[in-house]
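Asker: Below you will find the structure I want to go over with you.
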Amino acid sequence: RASATRSIIITHANGHLMNVNRVALHSCGIDRENEVEGVVKFPEGAHMGEPTGELQEPAAMFLVLRKFGDGGLLAPMSEAGVRSFASLACMQGVTTATDLVNALGEVDCAVLEKVLADDNCSIRIVPAFKAFHGSHGAGLHIHTHTNGDEASLVAIDAIGRVPLGPLFTARCAVNRITPKGRTLGAHERISVQQALHAITLGPAYTLKLDHEIGSIECGKRADFCVMEDDPLAVEPAVLKDVRVWGTVLSGRVFEARKA
């Protein structure tokens with residue numbers, strides 16, 4: 001037990017799930033009488049009907065956020081946060097990332113400009129408009145995300161279009177093995193070479209920056225990942241475990257912090 005007197009709140013990186021302890025539940029008035037969708041309750045046993053502490057999706061999570069404020073993905077941008085993100089990105093071999101969460105107002109942009117101007121910062125961050133912050137008709141490049149086919153179609157009709165870990169994403173695309181060991185859509189597997197393209201030149205093309213980044217070519221920025229293992233030589237099942245030594249960003253070398 002972490003604490004029986006202090007509220008503990010864990011927001012998952014996907015932004016759709018939250019876990020809280022009993023103290024936080026009590027503080028927010030979440031009990032067996034609460035009927036907000038997404039408040040998970042014990043289905044049986046001595047605590048049947050009582051909240052488990054798992055809160056699914058915004059409606060249930062808001063019961064906590066309205067009392068304790070935004071956190072995790074919704075936390076205000078800070079210099080320390082950006083530098084921490086840069087360090088994590090280096091550990092994963094990432095040199096360029098896209099901000100799809102923050103509203104990027106004057107304060108956020110000032111923070112980004114200050115931190116990214118420092119030669120000791122190991123990441124390049126490219127801002128992108130979210131669907132509700134821009135206009136596709138105005139020529140802006142819109143990025144959004146949905147859950148399920150129907151939601152995707154709704155989003156496409158409306159505007160006319162992962163945890164940071166590209167090698168993990170590549171491993172999923174190559175193997176298509178679920179956490180329970182089941183093969184999901186074997187016919188949709190891709191090769192390791194295709195997966196590596198999908199996490200390098202592919203994203204660069206999406207950002208319309210493939211003329212600058214995404215591959216090692218004359219005339220492009222010197223951005224690349226330095227690996228201790230050959231991803232084309234290891235077994236596809238362990239692709240996510242390929243060791244990253246660090247990154248090179250515009251010719252500047254950054255050794256990854258050891259986990």
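The values are calculated or read from the model by the stated rules, or taken from the named source; none is laboratory data. Bear in mind the structure is a predicted one, so any value in this text is a computation, not a measurement. Quick reminder, even Gly has a Cβ in these numbers, built from the backbone with ideal geometry, and neighbours come from all protein chains shown.
Asker: So in the range 1-54, with the set limited to residues that are of a type in the set (Asp, Glu) and outside any strand (DSSP E or B), which one is farthest from LEU65 (Cα to Cα)?
Answerer: Of all residues in the range 1-54, those of a type in the set (Asp, Glu) come to 31, 33, 35, 37, 44, 50, 54.
With the extra rule that they be outside any strand (DSSP E or B), the set shrinks to 31, 33, 35, 37, 44, 50.
Details: ASP31: 16, GLU33: 19, GLU35: 17, GLU37: 15, GLU44: 28, GLU50: 20 Å.
In this case the residue turns out to be GLU44.
Asker: Residue under question is GLU35, and the condition is that it be surrounded by 14 or more Cβ atoms within 10 Å (Cβ to Cβ), over 30 Å from GLY165 (Cβ atoms) and of a type in the set (Asp, Glu); does it hold?
Answerer: Numbers: surrounded by 14 or more Cβ atoms within 10 Å (Cβ to Cβ): no; over 30 Å from GLY165 (Cβ atoms): yes; of a type in the set (Asp, Glu): yes.
Here the answer is no, as GLU35 does not meet what is asked.
Asker: Also, quick follow-up: Which one of these does ILE190 not meet: (1) of a type in the set (A, V, I, L, M, F, W, C); (2) assigned to a helix (DSSP H, G or I); (3) under 28 Å from GLY15 (Cβ atoms)?
Answerer: (2)
Asker: Please determine whether any residue of the range 84-96 is out of contact with any Phe, Trp or Tyr (no Cβ under 8 Å at 6 or more places or on another chain), surrounded by 13 or more Cβ atoms within 10 Å (Cβ to Cβ) and farther than 27 Å from LEU201 by Cβ.
Answerer: Looking only at the range 84-96, we keep the residues that are out of contact with any Phe, Trp or Tyr (no Cβ under 8 Å at 6 or more places or on another chain), and these are 84-89, 91-94, 96.
Subset that is surrounded by 13 or more Cβ atoms within 10 Å (Cβ to Cβ): 85-89, 91-94, 96.
Narrowing the set further to residues that are farther than 27 Å from LEU201 by Cβ leaves none.
No, there is no match, as no residue in the range 84-96 is out of contact with any Phe, Trp or Tyr (no Cβ under 8 Å at 6 or more places or on another chain), surrounded by 13 or more Cβ atoms within 10 Å (Cβ to Cβ) and farther than 27 Å from LEU201 by Cβ.
Asker: Consider the range 154-172. How many of its residues are in a helix (DSSP H, G or I) and modelled with pLDDT under 75?
Answerer: So the first thing to find is which residues in the range 154-172 are in a helix (DSSP H, G or I), and the list is 154-159, 166-172.
Now restrict to residues that are modelled with pLDDT under 75: 154-159.
Result for the range 154-172: 6.
Asker: Suppose we filter the range 100-123 for residues that are assigned to a loop (DSSP other than H, G, I, E, B), of a type outside the set (A, V, I, L, M) and surrounded by 14 or more Cβ atoms within 10 Å (Cβ to Cβ); how many remain? Talk me through it step by step, then tell me what you get.
Answerer: The first filter runs over the range 100-123 and keeps only residues assigned to a loop (DSSP other than H, G, I, E, B), leaving 100-105, 117-123.
Right, trim to of a type outside the set (A, V, I, L, M) and you get 102, 105, 118-122.
Retained after the next criterion (residues that are surrounded by 14 or more Cβ atoms within 10 Å (Cβ to Cβ)): 102, 121-122.
So the answer is 3.
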